[in-house]
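Following: one structure in structure tokens, then a few remarks.
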Amino acid sequence: MTRTAEWCIDYVSPYPYLQMPGFADLPNDVEIKPVPVLFAGLLGHWGQLGPAEIPAKKLHTFHYSRWLADKRGLRLAGPARHPFNPLALLRLTIALGATLDVVRTIYDHTWADGGDGQSDESLAALADKLGVDDVRALVSTDEVKAQLRANTDRMIAAGVYGVPTLVMDGHLFWGDDSMPMFREYLDNPTMFKDDRFARANTIEVASGRPGKDWHLKR
């Protein structure tokens, strides 16, 4: 029997690209189903800034991605501009069936080879790789736009707050660095019922951050 994990991605992040090779080590009965979501929509819902909106965090993200790609033997030129508007790439993924092969081709084009994420010239080059005649027409349909919104809304409802996130049995595995935990969960699906994990659902909030200048009022 196949076990399916939904994989929330947005091409504005390098981490799905870095995570993808690890899927080859998963058990044969596990299916990874890409779910394109708009990361900006997640951030807006949860009231967060994206890594690229915090200069020091953006620098760390690029440094760490470069280091991790080197460790894993992956190409990583990085996109020509960042952050970029990923809507066309996300909608294109949906229009082409949201398969791992499509996701891999788009990530190779942007993060591995340094293609621009939104320019017409770069999208035309990507279209050739994917066998698409008219990218703009393909990604402009109401059906494709609605599906991306529905994906994002559904994953927000599931609690997803970042990309990449693997969603399985109501559990979230956020980030490339959660892969070891995800693999252990596949071997032991009852692990989160252990009291040491279950306690996290009962911890009370003792203090909050009421506003951006809260630290000045302490």
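The values are calculated or read from the model by the stated rules, or taken from the named source; none is laboratory data. Please read these numbers as outputs of a predicted model, since none were measured by experiment. Cβ atoms come from the backbone with ideal geometry, glycine included; neighbour counts cover every protein chain shown.
Yes/no matrix, rows are residues, columns are (1) charged (D, E, K, R); (2) farther than 18 Å from Asp177 by Cβ:
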{"site": "Val30", "(1), (2)": "no, yes"}
{"site": "Arg72", "(1), (2)": "yes, no"}
{"site": "Gly78", "(1), (2)": "no, yes"}
{"site": "Arg81", "(1), (2)": "yes, yes"}
{"site": "Asn85", "(1), (2)": "no, yes"}
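Restricting the first residue to segment 152-164 and requiring it to be polar (S, T, N, Q), which pairs with a second residue that is outside any loop (DSSP other than H, G, I, E, B) meet a Cβ separation below 6 Å and a spacing of at least six or different chains?
Within 6 Å, the pairs are Thr152/Gly41.
I'd like the residue in segment 164-218 that is of a type in the set (Asp, Glu) and more than 27 Å from Thr152 (Cβ to Cβ) and, out of all such residues, is modelled with the lowest pLDDT. Working first, answer last.
Filtering segment 164-218 down to residues of a type in the set (Asp, Glu) leaves 169, 176-177, 184, 187, 194-195, 204, 213.
With more than 27 Å from Thr152 (Cβ to Cβ) added as a condition, the list becomes 184, 187, 194-195, 204, 213.
Details: Glu184: 97, Asp187: 96, Asp194: 90, Asp195: 89, Glu204: 90, Asp213: 61.
Among residues in segment 164-218 that are of a type in the set (Asp, Glu) and more than 27 Å from Thr152 (Cβ to Cβ), the one modelled with the lowest pLDDT is Asp213.
Take Asp29 and decide whether it is acidic (Asp, Glu) and within 18 Å of Thr110 (Cβ to Cβ). Steps first, please.
Values: acidic (Asp, Glu): yes; within 18 Å of Thr110 (Cβ to Cβ): no.
When the stated conditions are applied, Asp29 does not pass them.
Within segment 24-64, track down each residue that is assigned to a helix (DSSP H, G or I), in contact (Cβ under 8 Å) with a residue 40 or more places away in the chain and surrounded by fewer than 13 Cβ atoms within 10 Å (Cβ to Cβ).
Asp25, Trp46
Please specify each residue of segment 103-129 satisfying the condition of being among the hydroxyl-bearing types (Ser, Thr, Tyr), assigned to a helix (DSSP H, G or I) and over 20 Å from Pro34 (Cα atoms). Before the answer, list the steps.
Initial filter on segment 103-129 (among the hydroxyl-bearing types (Ser, Thr, Tyr)): 105, 107, 110, 119, 122.
Retained after the next criterion (residues that are assigned to a helix (DSSP H, G or I)): 105, 107, 110, 122.
The one that is among the hydroxyl-bearing types (Ser, Thr, Tyr), assigned to a helix (DSSP H, G or I) and over 20 Å from Pro34 (Cα atoms): Ser122.
Can you pull out every residue in segment 130-151 that is part of a helix (DSSP H, G or I), over 16 Å from Leu38 (Cβ atoms) and touching a residue at least 12 places away in the same chain (Cβ under 8 Å)?
Looking only at segment 130-151, we keep the residues that are part of a helix (DSSP H, G or I), and these are 130, 135-139, 142-151.
Remaining after also requiring over 16 Å from Leu38 (Cβ atoms): 130, 135-138, 142-143.
Residues satisfying the conditions are Leu130, Val135, Arg136, Leu138.
Tally up the residues in segment 134-161 that are in contact with a helix residue (DSSP H, G or I) (Cβ under 7 Å, 6 or more places away or on another chain) and modelled with pLDDT under 95, please.
Restricting attention to segment 134-161, the residues satisfying the condition of being in contact with a helix residue (DSSP H, G or I) (Cβ under 7 Å, 6 or more places away or on another chain) are 135, 138-139, 144-145, 147-148, 152, 156, 160-161.
Next, from what is left, pick out any that are modelled with pLDDT under 95: 135, 138-139.
Residues flagged as in contact with a helix residue (DSSP H, G or I) (Cβ under 7 Å, 6 or more places away or on another chain) and modelled with pLDDT under 95 within segment 134-161 amount to 3.
Going through Ile9, Ile32, Ile54 one at a time, which residue ends up being out of contact with any strand residue (DSSP E or B) (no Cβ under 8 Å at 6 or more places or on another chain) and of a type in the set (Val, Ile, Thr)?
Numbers: Ile9 fails: out of contact with any strand residue (DSSP E or B) (no Cβ under 8 Å at 6 or more places or on another chain); Ile32 fails: out of contact with any strand residue (DSSP E or B) (no Cβ under 8 Å at 6 or more places or on another chain).
The unique qualifying residue is Ile54.
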